[in-house]
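K.L.:
Mind having a look at this structure? Questions to follow.
The values are calculated or read from the model by the stated rules, or taken from the named source; none is laboratory data. Note that the structure is predicted; figures quoted are calculated from it, not measured. Cβ placement follows ideal geometry from the backbone for every residue including glycine, while neighbour counts extend to all protein chains displayed.
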Amino acid sequence: MNPRVEETAPSFDMEARHIIEALRSGIPSRAVGAYFSGARPRLMREITERLDGIKKGGKSGGMVISGKYGEGKTHLLNTVFTLAHENHMVVSYLSLSKETPMDKLYLIYQKIIANTYLPQHQQPGFLHTLENMTQNSPLASEMIAFAAKQLETDKLYYLLRAYLNTEDAEEKFLLQADLEGDFMANAPLKKIYRRIFNHPVKYNVNFSKTKHCQDYFAFMSHLFTQMGYQGWVILVDEAELIGRLGKKARLNAYRNMARFLLPNTEMESVFSVFALSASYIEDVIEAKHDYENLAELFPGEPEPMHTVLDLLRKAPQLHPLTRTEFQEVLEKLKEFHRRAYHWEPQVSVDTLEKITQSGGYLLRTKIRAAIEYLDQIYQYGDCSNTVITDLAEESYGEEIPSLEVLKEGPYQ
């Protein structure tokens, strides 16, 4: 008599299932970027070369990428995120919004610091590492000297010295909150410093968050290199939202972008990537006459905004994947679906490619169509044609309902 064989439930690959669910929903995922990084090899080679240059001590700078909605801009940023961490670089990820507009650099700083990831860390945050920095350590001495001599103001010199020497928990909290972008007024900092050192504070320049926030970016970039990291990569998504700003605010946003995109020595070993819609040139720069606005509002001093406008117009666009690249994506999709649900998809890549033609022209919807096809074969052994409509194009105008809609009530 044969021994009884106990049936065991199939072991699902939860990582693979996460990948499939992220692709199915269209929600950006760094895990997806890590595994689907082979597409657009030419652009990735350029980015890799730029990162290598930063690691070798090249000047800080950045680049702009553009693409249609749903064509893979956020996916590319997530791929760069993974690549930067593999190169032992700190990464910050920011999506512009109404609450974080590009014309307010101090709000940009606050959001960037809140979304900064150290290599090998899944959660953002790094200021806890400063708790291990003692007042007489080489790192502390270096950062104090840097804050005293290399910045436009000396606020961070006084702040860092106070942070390293206070034993008061509330003071420690306020000083660290300042480093995170919740900037203290000058008077409270002077009061804390005088209490600790019994010596008055005399700023060489009175600090203003609207004028001197760049000091904080320079300070953090130097801190990361002194901590042993190979550089700092700043990724900015949804940059097309700059188009919703008013005329003067939009030009100021371009001025702020120049700090990240153009070669400079203010920040140390920083590489920035901005992603925006391919329609930005037509819908904003041309339709809203940004070059003419620049000549009107800043006659005789168009730089660096003019150069940024040129960079936006010449930004490399994410063209649709070649057939070979797309088939490679579909092959990986099959493999992840197999691992996610513990089965063997009996469908060719050519068949999957034909099915995706009903999924619209966007890469995102093509992938969703392929996943839905695999889902139905997995569940039923057969599937019928399914049409996934294209995602809506973005708009740079205010989405204000008509008077008739308002009269009907919000829940009609």
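K.L.:
Take the residues in segment 111-124 that are part of a loop (DSSP other than H, G, I, E, B) and within 25 Å of K98 (Cβ to Cβ), then tell me which one is modelled with the lowest pLDDT. First the steps, then the outcome.
P.N.:
Residues of segment 111-124 that are part of a loop (DSSP other than H, G, I, E, B), as a first pass: 115, 118-124.
So of that shortlist, the ones also within 25 Å of K98 (Cβ to Cβ) come out as 115, 124.
Details: N115: 97, P124: 94.
Within segment 111-124, the match that is modelled with the lowest pLDDT is P124.
K.L.:
Taking the condition outside the structural domain of G61 (by TED's automatic domain parsing), part of a loop (DSSP other than H, G, I, E, B) and at pLDDT 95 or above, does T153 pass?
P.N.:
Against the criterion (outside the structural domain of G61 (by TED's automatic domain parsing), part of a loop (DSSP other than H, G, I, E, B) and at pLDDT 95 or above), T153 qualifies.
K.L.:
Quick one: which of G246, G228 is among the small types (G, A, S), surrounded by fewer than 19 Cβ atoms within 10 Å (Cβ to Cβ) and under 30 Å from Y280 (Cα atoms)?
P.N.:
Going through G246, G228 in turn, the sole match is G246.
K.L.:
Answer yes or no as to whether T116 is in contact with a Pro (Cβ under 6 Å, 6 or more places away or on another chain) and either assigned by TED's automatic domain parsing to the domain that holds E167 or surrounded by 16 or more Cβ atoms within 10 Å (Cβ to Cβ) (or both).
P.N.:
So T116 fits the description; yes.
K.L.:
Whether any residue in segment 276-284 is closer than 23 Å to I377 by Cβ and part of a helix (DSSP H, G or I) is what I want to check. Before you say what the answer is, go through the steps one by one.
P.N.:
Start the filter on segment 276-284 by keeping residues that are closer than 23 Å to I377 by Cβ, which leaves none.
No; the residues of segment 276-284 include none that is closer than 23 Å to I377 by Cβ and part of a helix (DSSP H, G or I).
K.L.:
Of all helices (runs of 4 or more DSSP H) completely enclosed by segment 189-272, which ones contain at least 3 residues that are touching a helix residue (DSSP H, G or I) at 6+ places or on another chain (Cβ under 6 Å) and free of Cβ contacts under 8 Å to residues at least 60 places away in the same chain? Spell out how you get there, then give the answer.
P.N.:
Working: elements: 209-212, 214-226, 247-261.
Correct list: 247-261.
K.L.:
For segment 309-352, which positions are of a type in the set (A, V, I, L, M, F, W, C) and under 30 Å from A258 (Cβ atoms)?
P.N.:
Within segment 309-352, L309, L311, L312, A315, L318 qualify.
K.L.:
Across segment 125-143, which residue is surrounded by the most Cβ atoms within 10 Å (Cβ to Cβ) among those that are among the aliphatic types (A, V, I, L, M) and in a helix (DSSP H, G or I)?
P.N.:
That would be M143.
K.L.:
Take the residues of segment 312-367 that are part of a helix (DSSP H, G or I) and among the small types (G, A, S): which is modelled with the highest pLDDT?
P.N.:
By that ranking, first place goes to A340.
K.L.:
Taking the conditions exactly as written (more than 16 Å from K59 (Cβ to Cβ), of a type in the set (A, V, I, L, M, F, W, C) and surrounded by 15 or more Cβ atoms within 10 Å (Cβ to Cβ)), does M267 satisfy them or not?
P.N.:
In short, no.
K.L.:
Among the residues of segment 368-393, which ones are out of contact with any Gly (no Cβ under 7 Å at 6 or more places or on another chain), at pLDDT below 85 and buried (at least 16 other Cβ atoms within 10 Å of the Cβ)? Give the steps one after another, and end with the answer.
P.N.:
The first filter runs over segment 368-393 and keeps only residues out of contact with any Gly (no Cβ under 7 Å at 6 or more places or on another chain), leaving 370-387, 392-393.
Keeping just the survivors that are at pLDDT below 85 gives 381-387, 392-393.
Within segment 368-393, just C383 meets the criteria.
K.L.:
Please go through segment 285-300 and give me each residue that is of a type in the set (A, V, I, L, M) and in a loop (DSSP other than H, G, I, E, B), ordered by number.
P.N.:
At the first step, the residues of segment 285-300 found to be of a type in the set (A, V, I, L, M) are 285, 287, 294-295, 297.
Of everything in segment 285-300, just one residue is of a type in the set (A, V, I, L, M) and in a loop (DSSP other than H, G, I, E, B), namely A287.
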